[in-house]
Amino acid sequence: MGEFKVHRVRFFDYMPSAIRAMAFNSHTERLAVARADGAVEIFNFADNYFQEKVIPGRDGRAVEALCWVGRRLFSAGLDGELTEYDLENLRPKYSIEAYGGPVWTISGNSQGTLLAAGCEDGTVKMFEILDERIQFQRNLDRQKGRIISLAWHPSGTKMAAGMMDMIRIFDTETGSATHRMLVERGAGASKSKEVVVWSVAFLSDHTVISGDSAGKFQIWDGSTGTLIRSHPVTKWDVLVLSVSQDESSVIAGTSEGTVVQFQFIASTAGQEDKHWFRTRTFKNHSHDVRALVHTDTAVVSGGMDTQLVVRPLLDKVEKNTQESALRKIAFPHRNLVSCAKKAGLLLFQFPDHLELWRLGESDGNGAPGEILPVKRKPEKLIQLKRKGEDHICCSALSPCGSWLAYSTVSSVRLYRLTLSSNSVSIQKVSKLPKELRSVHQLCFSLDSSRLFASSSLSSVVVVALDQTECRCLHTLKHKSGSKQPIHILCPSEDGRWLAAANTDCEIHVFDLHKKKLHCSVPAYSSCPTAVSIHPASCSLVSVHADQQIFEFSLKQKEYTEWSRQLQRQGLHPLWLQRDTPVTRVTFNPTNPAHIVLHDAFMFCIIDQSLPLPKAETKLYNQMVLRSFPQPQRSRESHAFKICKNFQCTLCEKKQGKQPHTNVKMKATQAWS
Amino acid sequence: MVEEAEIRVVRQGGSKITFREPVISSDSRFLLCASGHTVKVFSTVTEECVQELRGHTDLVTGVLLRPSNHLQVYSCSADGTVRLWDFTDGILIRTYVIGYPIFSIFASASHDGVVFIVTASQRDNRSDAFQLVAVHLPACADQLVETTELSAVLGDVSANPAAIAFGRAGEYLASANGSQLEVYFFKKKKSHRFSLKEENRNGGRNTLTCVACHPTDDCVATGHEDGKIRLWRNFSHRKEYTYSTLHWHHGAVASLRFTPEGSNLLSGGLESVLVQWRYEQESQRNFLPRLGAAITHIAVSPDGSRFCTSHSDNKITIIQSCVKVSSIIQGLVTGDEVQTDLMVDPRSKALVLNGKPGHLQFYSLQRDKLLFNLDIVQQEFIHQSGLDQYQVVRVAFDGSGSWLATVEERKQKAAEVEVNLKLWAFDDHTQSFVLNTTIAAPHEARISALCFDPAAGSRTAVLVSSSADGHFKAWRLAAPPAHTDDEGASWSCDFVGAYHGLVPGCCSFSADGSLLAVSFQEVVTVWSPASWELLATLSQPPGDVRNLCFGRLSCSKYLLGTTTKLLCCWNLLTCSLEWSTSMEVSLLLADPLSENMAAFCHQDGSADRTSERSAFLQRRSCDPLMVPLSAALSDGRCVASRRRPDALVIDDAVAMTPFYLLLGKHQRSGAEAPAGGPSSGTPALPQSSAAVRELLQTPAHVLPAASFLCSAFLESLLISVTDDRSVEETGPADQEMESEKEEEEGSDEETGAGGTRPEEAPSGGAQTEGAAPGLTRTQVRELRRVRKLDHSWLAHLLDS
């Protein structure tokens, strides 16, 4: 596998934020996830559950509810505002004060014309959805007590509202409440406590389903306002409900971390008389399940334990396929770490601060697998708190270690670092070109003379860095017309090329000398998750969300022979079944045939000189290979050398020739 | 001499009544359960057995109410027949011969004239493959019907009857096997299989243990080995089936039943708690806890008013509407092993043996009913494997049944044995035993034998315990000291005996309590309980003495002992070996009512007929084979040996006490048959000469001393001149009348049979008293026998 000096970076203390709300758009197959820090993430379920976009949060913004209306995403929070997001520029588009106190819930009707918001003061406020904005239309009859949950009847003429101790049904045309359904309180000591109807669902046959803080899952007849059946599900709270598209199944998330499924089944075969039966229980969370989505094939749940769990329903999918596997998405699908290879510095990005660390050093030469004695321990040089209310969306550290940049939704900040052996100074660069206002991705060139920033409309701003000033050189644009944000920027080592990938699955390569678009990689259906340009051969290696790997020669402007062969033969099934995207690609400078990849749980070196593994060969064969004698080892070995056990690999250090590859693993090492 | 073929063992009782699920009759008045080779009908109110349906020649493996007539019941058996009974009158209506061993039987009201049975699969020769077969019962009036119309329904089913159930109105059938549920639809004639993983993520075992179907809904409940209950729905779709999981049990779910209306689901298992789940409101549960032992079956009466649960301790509990236990039918508890041996309570004549852990059970042989359980250990039994519990290992009753001694021990390690000796007094008021004295650590090692002085009542009772620590101890009921008058008499150690540091084995009191024999390895020591002095030592090497028994009644001068190879008889008067014979006796017991003794021999080749059946029935199938091998008659002793397995299996054990009586009869009849035949047919001459021959041919060592014989002989000669048979009849010894009449029948018995006659020594027998004033009772008796022999002999002599 080559010789590496491996640093164990266990000091990246990153803590994902709890999931608060989710909304699924079944047309675009996008899942919006709101986290407790106000960040909103967009996952593309059609593209291997890839985390496409992240809209950073903001202090004081607590998203309580998310709602898709067509392709537009709205949120509401306890700050009393309704917000629409700009998914192209990854920022809130506008916010409207609802004037009803904290907003607990929002719900759009199926026609896409109205948005209802349930407020603390007991009003349900209707907003008309206009092309560019939303506009307050009217209030429904004001009730005593807050509106916790809302559900539209599919026809749009009725609406169920979960409140304290009761459920109200409104006629949305007249705005009057037609039914009042009292929800029984919990037994015992909780008798004196109001019961909160955390979630309601309104089915097309006028059945209202409610989940409440007494742990009951109740089925009501919405046309008469009577209770049909009550299922005690938990001793604590039923926090969230989600109905499948065909209304034959409802799932309920509880504060015990379980998700309970109810199905609408005929009690005797072949009869129309159907009932709701409690069927499956899923326990994939350790804490409260705060958000649930019932897709056609899976139960998607998220909660206080910050994990997004996709649990396929085995009666809807083929068994023993990739689709039937349980997925847990715990960590972001992007890099939160940047490193200065020459200076041995690491920059960790947190939502509200940055940390700059110097790596430890050792003088030792050691045998492979040995742990070298650490001469100097890793130390934290700087903890940089962000300014303003907006959270950090991206950050970069120049390879020489003298520049540091981060960006929020509203501004970019650039710092100059001066490091000597015992002192650190940081100086803010005060005058930044005005093009650097709102960027999605930052990147320094390898000689640290340029700063690349992806800006709106998929353009890249090139900024020249100098000791005295920094000025905007030019803006690189491509002509595909895509407005999606660029999420990967990758300059080549010789400073000639810059590759930019956006969430429209496009990869554009710019010629920095000619300051124009060199070529575009043929579009592939899956979003690139990592892109890198080979320093020697000038070929671009891209890894996509569906785990495919391509190599594109920039000179010939075509896929290389190795890439074609890989496509012909196909990747190993086990490789395709991995469920975390590769987050970085790099190369071994001593051996140009080596491509180094890693994701959250795996580290892989692809040796282009070796044959590709066939479907029947063993993919994870490193441990087995080691036990083989040399001739057999060379016979059995294939291009993919994968190490999953970090504990083990990290000890496998030799006198390193390229310290830069090691540092890529830091994000994962922190948890391994 | 009884031939082997003439012995037929009739299984009398003690069978497991919980082998199969019981059936409650539709009026809830009767409960039917398979019990060994019979079906027993109990009254649900009085708990009494009202009928016993006999007819099957092998184990009954299923009982089922006939769906079309609720007064009739089907039973199936491993003998390959299905029988139809009228259970109220106990009449066998019809016998359907299937021809293959049947393991369970099912029927449904919608399949008229068809019963479904589980038999071994004929296709492949695997012994563990079973199939479900539909049997069309031909409608004819014959008693014995051969059935030919068999059609296989499902292959690869479980032999466990709980794993098959009929669904709503008999439209489908659910069968569980391994971790797979199969639902067969009769209309479509196809089946859906749903399988679970063998083990789930948390290591719980998903294997299905039982199945129940909802009576009106399409819902199948399955119980699993990890204690979960799954409710399967939508199973008419192969793919879109769904199930919900209920979990309360921590051990395997043994039985599941829906109530007839389908409003509740009952489940039970190891926890001995009956759980009632509200259907569709499964979070609402009712519990009926503390049922005593693990639930193995649950049955519900057709009207739903009564449930009954079978338990692993051979008990059936009848429950009224899930809240109240109304009655308990308790059979013989078969624990892990019978360590106490079998004892007979002298008072209740009940068989006493280990029952539930830490308990002694009193089982009535006549009524086949458990009379009561006595909690010996008096500690809560914690149901957990691997936990060392106190076990009752020795039990002894005194002669009148007023004292009971028990030894319990707990072995934590091999070296550390915790032993308690408890003495229980019979309380006339409560009619049960009350703990009198607990002696903790009575010996330093395990107690190997325990015996009471049988002739208590006259004196204070004495208990002797011998232990592996090299001592035997005598315990005596001591009156309390004067100042503690609130306490009654309690037991304390009276004497500690040892013999040359040898380890004592067994101990035995003579019938009158005047002698105590304790074996010390190869040596038998005889002690006087009155003074605790060593009277004599007897020995017959090689081999340790394993059993000791004093003769009774007329043979009380003999002491029988067994070593590994020999059966020895010592004469206590001469302190010498009387005779010995080579046989491997594993158990030696005295009949308390006669002079007979039973020696149980182990013989090779006894395994030939014990179990060649299917593995499923094997644990039930070792029936007691009683084969008296020889009746060696010497000096009035009948020694019968019997083929028996080495371990004391409880099923044998049940038949053992009746065996005493049976054996006694056999010996008598066996003895009379050869002797009585010739005596009636032969003329008088051989009879007299036979008497001479008898005297001459009697082995010298069984005859009394020649000096006694001589004087008596001569004396009788003198008297016999005037004596006639009629004179004898009106003779002075009136008290002999009775015994002489008996003698009329028995005098012709061959050589040693004279000893079988119980007789009392006449206290005022003038001649004998005068003749031998210093003689013991036995000697007197012997003399009288000789005299009578002489008498008849001379009478005949005079006639001729």
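The values are calculated or read from the model by the stated rules, or taken from the named source; none is laboratory data. All values reported here derive from a predicted model rather than from experimental measurement. When we count neighbours, we look across all protein chains shown, and the Cβ atoms used for this are built from the backbone with ideal geometry, even at glycine. Just so you know, the surface numbers come from the protein's heavy atoms only, side chains and all, with ligands and any DNA or RNA stripped out. Shrake-Rupley method; radii C 1.70, N 1.55, O 1.52, S 1.80 Å.
Confirm whether B:SER236 is away from chain A (no Cβ under 14 Å), small (Gly, Ala, Ser) and under 17 Å from B:PHE166 (Cα atoms). Break it down stepwise before answering.
Details: away from chain A (no Cβ under 14 Å): no; small (Gly, Ala, Ser): yes; under 17 Å from B:PHE166 (Cα atoms): yes.
Considered against the rule, which asks whether it is away from chain A (no Cβ under 14 Å), small (Gly, Ala, Ser) and under 17 Å from B:PHE166 (Cα atoms), B:SER236 comes out as no.
Note on the stretch A:15-55: residues that are of a type in the set (Asp, Glu) and either in the same structural domain as A:ARG311 (by the TED database) or open to solvent by 30 Å² or more (accessible area, probe 1.4 Å) (or both) amount to 2. Does the stretch B:431-445 include one or more residues that are surrounded by fewer than 21 Cβ atoms within 10 Å (Cβ to Cβ) and farther than 21 Å from B:GLU408 by Cβ? Yes, the stretch B:431-445 contains a residue that is surrounded by fewer than 21 Cβ atoms within 10 Å (Cβ to Cβ) and farther than 21 Å from B:GLU408 by Cβ. Once the stretch A:204-220 is narrowed to residues that are within 32 Å of the chain's Cα centre (by Cα) and part of a loop (DSSP other than H, G, I, E, B), the residue that is nearest to the other protein chains (Cβ to nearest Cβ) is A:GLY215.
For A:ASP494, indicate whether it is over 28 Å from the mean Cα position of the chain (by Cα) and open to solvent by 60 Å² or more (accessible area, probe 1.4 Å). Quick ask: steps written out before the conclusion?
On the way: over 28 Å from the mean Cα position of the chain (by Cα): yes; open to solvent by 60 Å² or more (accessible area, probe 1.4 Å): yes.
The answer is yes for A:ASP494.
Being polar (S, T, N, Q) and open to solvent by less than 20 Å² (accessible area, probe 1.4 Å) is true for just one of A:SER255, A:SER244, A:SER248. Which residue is that? Quick ask: steps written out before the conclusion?
Numbers: A:SER255 fails: open to solvent by less than 20 Å² (accessible area, probe 1.4 Å); A:SER248 fails: open to solvent by less than 20 Å² (accessible area, probe 1.4 Å).
Among A:SER255, A:SER244, A:SER248, only A:SER244 is polar (S, T, N, Q) and open to solvent by less than 20 Å² (accessible area, probe 1.4 Å).
Residues in the stretch B:343-357 that are in a strand (DSSP E or B) and open to solvent by 40 Å² or more (accessible area, probe 1.4 Å): B:MET343, B:VAL344. In this entry, A:ILE392 is excluded by the filter for residues that are open to solvent by 20 Å² or more (accessible area, probe 1.4 Å) and among the β-branched types (Val, Ile, Thr). Annotation: B:SER327 fulfils all but one of (1) more than 20 Å from B:HIS249 (Cα to Cα); (2) outside any strand (DSSP E or B); the unmet one is (2). Among the residues of the stretch B:186-204, are any more than 11 Å from chain A (Cβ to nearest Cβ), open to solvent by less than 30 Å² (accessible area, probe 1.4 Å), under 16 Å from B:ALA162 (Cα atoms) and not charged (D, E, K, R)? Checking the stretch B:186-204: not a single residue is more than 11 Å from chain A (Cβ to nearest Cβ), open to solvent by less than 30 Å² (accessible area, probe 1.4 Å), under 16 Å from B:ALA162 (Cα atoms) and not charged (D, E, K, R). Comparison of B:SER77, B:SER104 shows that the only residue that is touching a helix residue (DSSP H, G or I) at 6+ places or on another chain (Cβ under 7 Å) and open to solvent by less than 10 Å² (accessible area, probe 1.4 Å) is B:SER104. In the stretch A:265-317, counting only strands (runs of 3 or more DSSP E) that sit wholly within it, the ones holding 2 or more residues that are out of contact with any Asp or Glu (no Cβ under 6 Å at 6 or more places or on another chain), surrounded by fewer than 22 Cβ atoms within 10 Å (Cβ to Cβ) and within 11 Å of chain B (Cβ to nearest Cβ) span A:274-283.
When you scan the stretch A:317-333, do you find a residue that is under 30 Å from B:SER195 (Cα atoms), of a type in the set (Val, Ile, Thr) and touching a residue at least 12 places away in the same chain (Cβ under 8 Å), even just one? The answer is yes, given that some residue of the stretch A:317-333 is under 30 Å from B:SER195 (Cα atoms), of a type in the set (Val, Ile, Thr) and touching a residue at least 12 places away in the same chain (Cβ under 8 Å).
Table: residues versus (1) within 14 Å of chain B (Cβ to nearest Cβ); (2) under 34 Å from the mean Cα position of the chain (by Cα); (3) open to solvent by less than 40 Å² (accessible area, probe 1.4 Å); (4) free of Cβ contacts under 8 Å to residues at least 24 places away in the same chain.
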residue: A:THR157; (1), (2), (3), (4): no, no, no, yes
residue: A:ILE169; (1), (2), (3), (4): no, no, yes, no
residue: A:HIS179; (1), (2), (3), (4): no, no, no, no
residue: A:LYS191; (1), (2), (3), (4): no, no, no, yes
residue: A:TRP198; (1), (2), (3), (4): no, yes, no, no
residue: A:PHE202; (1), (2), (3), (4): no, yes, yes, no
residue: A:GLY222; (1), (2), (3), (4): no, no, yes, no
residue: A:THR234; (1), (2), (3), (4): yes, yes, yes, no
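Yes/no matrix, rows are residues, columns are (1) crowded, with 17+ Cβ neighbours inside 10 Å; (2) more than 24 Å from the chain's Cα centre (by Cα); (3) within 30 Å of B:ARG168 (Cβ to Cβ); (4) not assigned by the TED database to the domain that holds B:SER400:
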| position | (1), (2), (3), (4) |
| --- | --- |
| B:ASN264 | yes, yes, yes, yes |
| B:SER283 | no, yes, yes, yes |
| B:THR296 | yes, no, yes, yes |
| B:ARG306 | yes, yes, yes, yes |
| B:ILE319 | yes, yes, yes, yes |
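Remark: B:CYS549 matches the filter, which requires a residue to be under 23 Å from the mean Cα position of the chain (by Cα), open to solvent by 10 Å² or more (accessible area, probe 1.4 Å) and not polar (S, T, N, Q).
Can A:THR418 be described as assigned by the TED database to the domain that holds A:LEU347, modelled with pLDDT of 85 or more and over 22 Å from A:GLU52 (Cβ atoms)? For A:THR418, the condition - assigned by the TED database to the domain that holds A:LEU347, modelled with pLDDT of 85 or more and over 22 Å from A:GLU52 (Cβ atoms) - is met.
Taking the criterion of being more than 22 Å from A:SER420 (Cβ to Cβ) and outside any loop (DSSP other than H, G, I, E, B), would at least one residue in the stretch A:369-383 satisfy it? Checked against the condition, which is being more than 22 Å from A:SER420 (Cβ to Cβ) and outside any loop (DSSP other than H, G, I, E, B), the stretch A:369-383 yields at least one hit. Looking at the stretch B:183-192, is at least one residue touching a residue at least 24 places away in the same chain (Cβ under 8 Å), within 21 Å of B:PHE116 (Cβ to Cβ) and under 43 Å from the mean Cα position of the chain (by Cα)? Yes, some residue in the stretch B:183-192 is touching a residue at least 24 places away in the same chain (Cβ under 8 Å), within 21 Å of B:PHE116 (Cβ to Cβ) and under 43 Å from the mean Cα position of the chain (by Cα).
Residues are listed down the side, and each one gets a yes or a no for (1) over 25 Å from A:SER553 (Cβ atoms); (2) of a type in the set (Asp, Glu); (3) open to solvent by 10 Å² or more (accessible area, probe 1.4 Å):
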| position | (1), (2), (3) |
| --- | --- |
| A:LYS431 | yes, no, yes |
| A:HIS440 | yes, no, yes |
| A:SER454 | no, no, no |
| A:VAL460 | no, no, no |
| A:HIS478 | no, no, yes |
| A:CYS505 | no, no, yes |
| A:TYR524 | no, no, yes |
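I'd like the full set of residues that are touching a Pro at 6+ places or on another chain (Cβ under 9 Å), farther than 14 Å from B:CYS507 by Cβ and among the aliphatic types (A, V, I, L, M), limited to the stretch B:517-564. B:LEU553, the sole residue that qualifies.
For the stretch B:237-260, a tally of residues being closer than 17 Å to B:ASN286 by Cα and assigned to a loop (DSSP other than H, G, I, E, B) returns 4. Taken over the stretch B:276-293, the residue count meeting the criterion of being without any contact (Cβ under 8 Å) to a residue 60 or more places away in the chain and either within 14 Å of chain A (Cβ to nearest Cβ) or more than 27 Å from B:ARG29 (Cβ to Cβ) (or both) is 10. Scanning the stretch B:171-184 for residues that are open to solvent by 20 Å² or more (accessible area, probe 1.4 Å) and either part of a strand (DSSP E or B) or hydrophobic (A, V, I, L, M, F, W, C) (or both) yields B:ASN177, B:GLN180, B:TYR184. Only residues that are of a type in the set (D, E, K, R), under 25 Å from A:THR503 (Cβ atoms) and either surrounded by fewer than 20 Cβ atoms within 10 Å (Cβ to Cβ) or in contact with a His (Cβ under 6 Å, 6 or more places away or on another chain) (or both) were counted in the stretch A:538-577, giving 3.
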